[in-house]
Amino acid sequence: MTAQMLDAATLDRHRRLMAYFPTGVTVVTAIDDDGEPSGMTCSSLTSICLEPPIVMVSLTTTSRTVRQALIRGSFGATLLDVGAQEIAQRFATPALDRFAGLAWTPSPLGVPWIETCMTAAADFELWRSMEVGDHTLLFGLVRNVEIRGGVPLLYGLRRYQGWPPAV
């Protein structure tokens, strides 16, 4: 069965189901041959295995970030802190230059790490990619990691939240 065969009610139930699965929030980034950065908010960063250390992100296939990652063979992820809700929203909506006015640093692989709002960041060598529906799965081999600490930003029930206090 294809997605086109599913009715609107089924798609809505799927969206509602996923709203009940809170996730961390990251901005996945890439850079083109002219040094122009791109990025998009992503709540689907998943560790696939530890040996070798591989992660997977799921991004809209038509995005500039996906195209640049596939061409350059690398991408990055900035894990956002609780104060970065505006940054998460900026990178989740269409804009010509999402990086306007933001401080970012090239990672050791040259992909952008957003300075002002990271709890941690990593860069990845593209290991594999696969198109699934309207998204492309990028599998990346972890190359470099920077940990800053802080309180991670979460997304669930269609809103941003901080990490809850310990019970």
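The values are calculated or read from the model by the stated rules, or taken from the named source; none is laboratory data. Fair warning: this is a prediction, and the values are worked out from it, not measured in the lab. Please note: Cβ atoms are built from the backbone with ideal geometry, for glycine as well, and neighbour counts cover all protein chains shown. Please note that ligands, DNA and RNA were not included when accessible areas were found on the heavy atoms of the full protein model with its side chains. Shrake-Rupley method; radii C 1.70, N 1.55, O 1.52, S 1.80 Å.
When region 62-167 is described by a simple charge dipole with +1 on each Lys and Arg Cβ and -1 on each Asp and Glu Cβ, the residue from A121, T136, G162 located farthest towards its positive end is T136. All other residues whose Cβ lies under 15 angstrom from that of Q161 are scored, Lys and Arg at +1 and Asp and Glu at -1, for a net of 0. The equivalent ellipsoid that matches the C-alpha gyration tensor of the chain spans semi-axes of 24, 21, 16 angstrom, in descending order. Take the Cβ atoms of E86 and V167, set R0 to 22 Å, and the FRET efficiency comes out at 0.15. As a calculated quantity, the FRET efficiency between H14 and A100 at R0 = 25 Å, using C-beta atoms, amounts to about 0.15. In region 98-167, Cα pairs under 8 Å separated by at least six residues give a relative contact order of 22 percent. For the chain, the Cβ-based charge dipole about the Cα centre amounts to some 500 debye (Lys, Arg positive; Asp, Glu negative; other atoms uncharged).
Amide H to amide H distances under 5 Å link W127 with F139, G140, L141, where only residues 5 or more positions off or on other chains count and H is placed in the peptide plane.
Each Lys or Arg adds one and each Asp or Glu subtracts one; over the other residues with Cβ under 14 Å from the Cβ of R72, this totals -3. Estimated at 0.36 nm per residue, the fully extended path between D134 and L70 surpasses their Cα-Cα distance by 21.4 nm. Region 131-167 and region 43-75 have Cα centres spaced 13 Å apart.
Remark: accessible surface ordering of C49, C42 (largest first) is C49, C42, probe radius 1.4 Å.
Highest GNM mean-square fluctuation among T23, T93, T116, for the chain modelled with Cα contacts below 10 Å: T93. Residue by residue, region 125-131 carries 3J(HN,Hα) couplings of 8, 4, 9, 7, 9, 7, 8 Hz when phi is fed to the Karplus relation 6.51 cos²θ - 1.76 cosθ + 1.60 (θ = phi - 60°); x denotes Gly or Pro. Need one value: the accessible area of T60 in square angstrom, 1.4 angstrom probe, rounded to the nearest 10. Using a 1.4 Å probe on the heavy atoms, I get roughly 50 Å². Sequence-distant contacts, meaning Cα pairs under 8 Å at least 6 residues apart, place the relative contact order of the chain at 26 percent.
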